Amino acid sequence: MLRRLGILFGLLGIICFAAPVFAQSRDLPQVNMPAQVQELLRLLDDPAIRDWVAAQRDTAVPDAAKPVTEEMSPSSYVDTRLAQIRRHIAGLIATVPNLPAEFARACDILMVEFESRGLLQIGSLILGFLALGFLLEWLFRRATLNLQRWIVGVPLETVGERLRAAGIRICFGLGLVSAFAIGSVGAFLVFTWPPLLREIVLGYLSAFLALRIALVVGRFTLAPGGDRFRLVPMNTRAAWFWYRRIALAIGWLAIAWVTVGLLGTLGLSFSSRVLIAYVLGLMLLAIGIEAVWRRPPVSLTALSSSHHEHRRLVNWLVSVYFVFLWLLWVASAMPTFWLAVALVGLPAAIRGTRHAVNHVLRPAGATSAHGSAPGVAEVSLERGLRALLIIAAALLLAKAWHIDLVAMTMQDTLSTRLTRGILSAIVIALVAEFLWHFLRAVIDVKLSDARQAAHADSEDLRRQARLRTLLPILRNVLFIVIMVIALLMILSSMGVEIAPLIAGAGVVGVAVGFGAQTLVKDIISGMFFLLDDAFRVGEYIQSGSYKGTVESFSLRSVKLRHHRGPLYTVPFGELGAVQNMSRDWVIDKLTIGVTYDTDLEKARKLIKEVGKELLANPEFAPNILETLKMQGVEQFGDYAIQIRMKMMTKPGEQFVIRRKALSMIRKIFNENGINFAQPTVQVAGGGEHVASAAAKQVLDLAAPPQGDN
């Protein structure tokens, strides 16, 4: 460790010593330098000249890249574009013989710069500033050891813990990149350098900085060294594979970008630089095709033959797509190039974003969020990122197709109106979709909480149960309102006058109201039933000949499930007076008959004892509000004294408690010599005829009533 630290500080000393020397070397006399070259370098040292050259370089675009602004038919537009592409390719072919001479001039300029400073010194300068950047990055790592240990051991069970860890990791990654940037690029910019040397060193330092940023972002999203921090769900082998391939592609792109820019400074023509860029782009094409064919499978299990064939077909299609993109780029058909990129890249980016959001915001203890209702944070993040991706793709295509959105607002042609309308419709649809999914997620979360509280006892949780009744209707109403408003706004943005549509809709509404009075009656009655809180989902109600448990609602009807199974769909307008049997409490009254010689006071005490035993039973006690007690004698019957009892229970629980109470009363009465009355007949007189008549009367009393099933 000390040895490496000494090497790094030694490199730092070399940089600090050599930097002023290189910075001041532009003032040294130029030995054996032609007067024309000295004049060229003097002009390039002027900031105004450099800005003018950069402006001319940016505006010098080939004919194939210029927009076609005049109005023309589709066939004429296609012919014009094909002609431009042919001229562009012909210009590239004509540039090939001039490349050796242009390279020779560029080498002469470089040799003039290297003659006074040396290629080895310039390379050492670049490596020294890179080493300084790594030194500051290493010091930053040493200063944040405790934070790194906390990140490694932080729990990631809940969504909040995962989001907090992700935020700290991205801040740590930004700190690493900032330390490297300050130590390399920042230290280089402190000194004053000759223009050419400044552009060379700063360009390649910036390219390496872009690579460092790509590595940090790759470690943040893919986390190849720790799957618990991985934002994109994949196995470790795939994470390492894509981490290396993405870093390689971005590093090559940054180096190629800087190299092509430096060739312009060295005097190469625009066509020559474009041709060299196309050749360097072959390396990116090779990286992409290699990544497609060698990418690891999503699952580590063995693949079947059908999967191998499908994978092979996908590899060929993607490879052909990459080659097609490169050919479009070479042909300078940039509008078609970016359209092809958006058509394939946008769905892939949206799908990857959705998987990443679902993986990060998965419930605690779950491996993914599939199968569970999406939360508000998940919907907001996923739909928000989706909208941003679509808007970014639209802006990219607008720029690629040379559509000036600012100038379009000041024009009033048919094409501009249609384009403005389409763009406005896309934005309105994205906002409406985001708003609908956000509100639906909020309602679904409330419904989930209400379902969990369906069997709770407190009044607050009973109010939650009421939400189970109202929120589904509110969700349907919000969907209709958002859809109608979004549709009207889209039509208005397309240039359609919506005022007549609204007026016509009002007239149609009045006509429908007169022609469908029953429907209006049902809807309005349902609104007032719900506002009065007459019944809720899960409650047992009775209205006329309809009774059952409320299962669900619609705008005009309620579904009742009878306790024997049938399902009634009853319009609200036909309910009338509603008897709710599931609110607050119920009083259950029981009647039994005892013989006339029964000690009623003893019976009262025994029934009271039964009530105490019911309260002591943990199965029934939570559902008993007032235990069983004897009210007194109800009436004197022909052969029994009718005793009335009552108890207060929670709705729906009285049936089970009643059965248990009757069973306990029978047992305790038998143990204490209290007999239940049975039908008896006393007959005066004698003879066989009298006995037969008495037996018939007993049978008539014991027989069930006619029609009782």
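Things worth noting here:
- Packing-based order for 654-660, 504-510, using average beta carbon neighbours within 10 Å, highest first: 654-660, 504-510
- What the Cβ-Cβ distance of Arg564 and Asp584 gives, at R0 = 30 Å and to the nearest 0.05, is a FRET efficiency of 0.70.
- Too-long pairs where the Cα-Cα distance tops 21 Å, listed order kept, from Lys547/Lys646; Lys602/Lys650; Lys608/Lys667; Lys446/Lys650; Lys629/Lys667; Lys547/Lys660: Lys547/Lys646; Lys602/Lys650; Lys446/Lys650; Lys547/Lys660
- Heavy-atom accessible surface of the stretch 111-257: percent carbon and sulfur, 1.4 Å: 71
- Reciprocal of mean inverse Cα separation for the stretch 137-200 (Kirkwood radius, Å): 14.1
- Residues of the stretch 247-365: accessible area per residue with a 1.4 Å probe, Å²: 53
- Accessible heavy-atom area order of Phe529, Phe636, highest first, probe of 1.4 Å: Phe636, Phe529
- Where the stretch 571-645 is the region considered: accessible area per residue in Å², 1.4 Å probe: 57
- Across the stretch 545-626, the relative contact order, built from alpha-carbon pairs under 8 Å that are at least six residues apart, equals 14 percent.
- The stretch 541-669 - percent of accessible surface contributed by carbon and sulfur, probe 1.4 Å: 48
- The residues of the stretch 120-173 present an accessible area of 53 Å² per residue when probed at 1.4 Å with all protein chains retained.
- Each residue of the stretch 641-646 was assigned a 3J(HN,Hα) from its phi angle through the Karplus expression (A = 6.51, B = -1.76, C = 1.60, θ = phi - 60°), giving 9, 7, 9, 9, 10, 8 Hz with x at Gly and Pro.
- Ranked packing of 479-487, 590-598, most packed first, by mean Cβ within 10 Å: 590-598, 479-487
- For the pair Trp257 and Ala166, a Förster radius of 30 Å applied to the C-beta separation gives a FRET efficiency near 0.50, rounded to the nearest 0.05.
- Our estimate of slack between Lys547 and Asn675, defined as 0.36 nm per intervening residue step minus the Cα-Cα distance, is 42.3 nm.
- Within the stretch 336-351: backbone nitrogen closer than 19 Å to the Arg295 label point (7 Å, Cα to C-beta): 340-351
- For the pair the stretch 83-108 / the stretch 177-256, the C-alpha centres are spaced 32 Å from each other.
- Restricting the trypsin sites (Lys or Arg not before Pro) of the stretch 130-209 to loop positions (DSSP other than H, G, I, E, B) with no more than 15 neighbouring Cβ atoms within 10 Å leaves nothing.
- Peptides 128-134, 221-227, 491-497 ordered by packing proxy, namely the average of other Cβ atoms within 10 Å per residue, highest first: 128-134, 221-227, 491-497.
The values are calculated or read from the model by the stated rules, or taken from the named source; none is laboratory data. These numbers were taken from a predicted model, which means no experiment stands behind them. Here Cβ is always computed from backbone atoms with ideal geometry, including for glycine, and neighbour counts include all displayed protein chains. Surface areas here come from the heavy atoms of the whole protein model, side chains and all, with no ligands, DNA or RNA. Shrake-Rupley method; radii C 1.70, N 1.55, O 1.52, S 1.80 Å.
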